[in-house]
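Input: a single structure, listed below in structure tokens.
Nothing in this text is a laboratory measurement; each read-out follows from the coordinates by a stated rule. Predicted model, so just to flag it, every value in this text is computed and none were measured. As a convention, Cβ positions derive from the backbone with ideal geometry for all residues, glycine included, and neighbour counts pool all protein chains shown.
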Amino acid sequence: MSGQALDDLVVATTARLRLRHKHESDAMADFLWRRDPEIARFDGGLPLTKTFSEFLEYFDRLLRLADPERQMLSLENAEGLHIGNIMFYNADSARHAAELGICIARPEYRGAGLGTEAVVAFLGYIWERLPFRLMYLHTLDWNAPAIHCFEKAGFSTTARVLRKGQWFLRME
């Protein structure tokens, strides 16, 4: 897809980032990131074991079918390089709430405040367009950089939760 066409998918920008709708050109990076053991560890899960072909079927469905319970955006640096993803999921229209997730997948972009910048921009985009009044998240209790990122974005810890043998902080 041309750079101009990807530009048309942008929903929010900051000084250093662009948040845009997912596109088929994101599939390979997303696949490789989901297979990465380090990224999976920080996400509290296991690396993806599907083949690229199996993942592509899932990814294509994600692009084709709108799901009111989730939305994932790509994070790009100012030059248009795909560096990670941000999303909401587990949306509950009765509670006007959804869970937030973010991954700065390219290691060279971590630790520079881009996570906080992305979260703030994403929340601005969400608050303007959707009826959510509560965004919450879960992060591993040992993931100090993520906790710092979320605190800088205005979240605070509301509970400590055990999931699959690992302790997470619930933040709102």
Given a Förster distance of 30 Å, the FRET efficiency implied by the Cβ-Cβ spacing of Gln166 and Leu63, rounded to the nearest 0.05, works out to 0.45
Total charge of the residues flanking Thr49 in space, meaning their Cβ is under 12 Å from its Cβ, with Lys and Arg +1 and Asp and Glu -1, is +2
Pseudo-spin-label distance Glu79 to Glu128, built 7 Å along Cα→Cβ, given in nm, is 2.7
Among Leu81, Leu32, Leu130, the residue with the largest mean-square fluctuation in a Gaussian network model of the chain built from Cα contacts under 10 Å is Leu130
Least to most buried among Val119, Val11, by other C-beta atoms within 10 Å and fewest first, runs Val11, Val119
The ³J(HN,Hα) series, computed from each phi in the stretch 93-106 with the Karplus coefficients 6.51, -1.76 and 1.60 at θ = phi - 60°, rounded to the nearest Hz and given as x for glycine or proline, is 5, 5, 8, 6, 9, 7, 9, 9, x, 8, 9, 8, 7, 7
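Could you please report the charge total around Thr157, scoring K, R as +1 and D, E as -1 over all other residues with beta-carbon less than 12 angstrom from its beta-carbon? List each step's numbers first, then the result.
Working: positive: Arg160, Arg170; negative: Asp141, Glu151, Glu172.
Value of the local net charge: -1.
Find the all-direction average of the projected area of the Cα convex hull for the stretch 3-171, expressing the result in square nanometres with one decimal place. Display every interim value, and only then the final one.
Values: hull surface 39.9 nm².
Projected area, direction-averaged: 10.0 nm².
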